[in-house]
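*Asks:* Attaching a single structure in structure tokens format; questions to follow.
The values are calculated or read from the model by the stated rules, or taken from the named source; none is laboratory data. Predicted, not measured: the structure shown is a model, and the values here were computed from it. Methodologically, a virtual Cβ is constructed for each residue, glycine included, from the backbone with ideal geometry; neighbour enumeration extends over all protein chains shown. Ligands, DNA and RNA are stripped out before the accessible areas are found, and what is left, the full protein with its side chains, is counted by its heavy atoms. Shrake-Rupley method; radii C 1.70, N 1.55, O 1.52, S 1.80 Å.
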Amino acid sequence: MLRKIEENDLEDIYRGLSNPEVIKYYGIHYDSLPETLKQLQWFKALEENKTGIWWAICDKNDGHFIGAIGFNNLSNQHKKIEIGFWLLPKFWGKGLIHEAAEVICNYAFDDLGINRIEAFVESENNNSKKALAKLLFEYEGTMKSCEIKNGKFISLAIYAKLNHRTSVSRKTT
């Protein structure tokens, strides 16, 4: 089940984004609840600035928060957006990211008019790469040593899924 991220998700977001297993390949981490407020502010700013949207992934049986998924870096000009996701480790390997990502990708294509959904994945993050492959994202290449994380250069694999239902209308003169 997906729902809007709320302020009372703070502890759950902290639990995820302070967990060494979750943040091993994630771009950010938090060491305290007050610091994690930055993440809630970031989610809110995405929506206010119309540059993205994130949802809480919740257990459909009991409603408990189990992770987050969403979009950021929306480019209306180029009709593209970037996807991101994470789950608490005890929910890994159950197909939950696949289920949630299918829903939001369809939303991006059908409701937002997006043509391209991008994913930038640390090269060693095999679980995310497998999840993207199952979602029919295509591997496009690797940006080698393009970012610094924990004092070391890391490489990012680029994946994309295109909306084959859209086309750009062109004016003929």
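*Asks:* Please compute the per residue accessible area over the stretch 3-93 with all protein chains in place, 1.4 Å probe, rounded to a whole number of Å².
*Replies:* The answer is 57 Å² per residue.
*Asks:* Not counting the cut sites, what is the longest span of the chain without trypsin sites (Lys or Arg not before Pro) that DSSP labels loop and that have at most 14 other Cβ atoms within 10 Å?
*Replies:* Longest site-free region, per DSSP loop and neighbour criteria: 95-164.
*Asks:* Whole-Å semi-axes of the stretch 32-173's equivalent ellipsoid, largest first, each the root of 5 times a Cα gyration tensor eigenvalue?
*Replies:* Equivalent-ellipsoid dimensions as semi-axes: 25, 20, 18 Å.
*Asks:* Between Rg and the Kirkwood Rh of the stretch 9-83, both from Cα atoms, what is the Rg to Rh ratio?
*Replies:* 1.00
*Asks:* Could you tell me which GluC sites (Glu not before Pro) in the stretch 60-137 are loop residues by DSSP with no more than 13 other beta carbons within 10 angstrom of their beta carbon?
*Replies:* Answer by residue number: Glu124.
*Asks:* Rounded to the nearest 10 Å², what accessible area does Asp110 show when all protein chains are kept and the probe is 1.4 Å?
*Replies:* Surface open to solvent at Asp110 totals about 90 Å².
*Asks:* Tell me the angle of helix 96-110 to the major Cα principal axis of the chain, expressed in degrees between 0 and 90 and rounded to the nearest ten.
*Replies:* Compared with the principal axis, the helix lies near 40 degrees.
*Asks:* Follow-up. Using a 1.4 Å probe on the protein heavy atoms, what percent of the accessible area of the chain belongs to carbon and sulfur?
*Replies:* 49 percent
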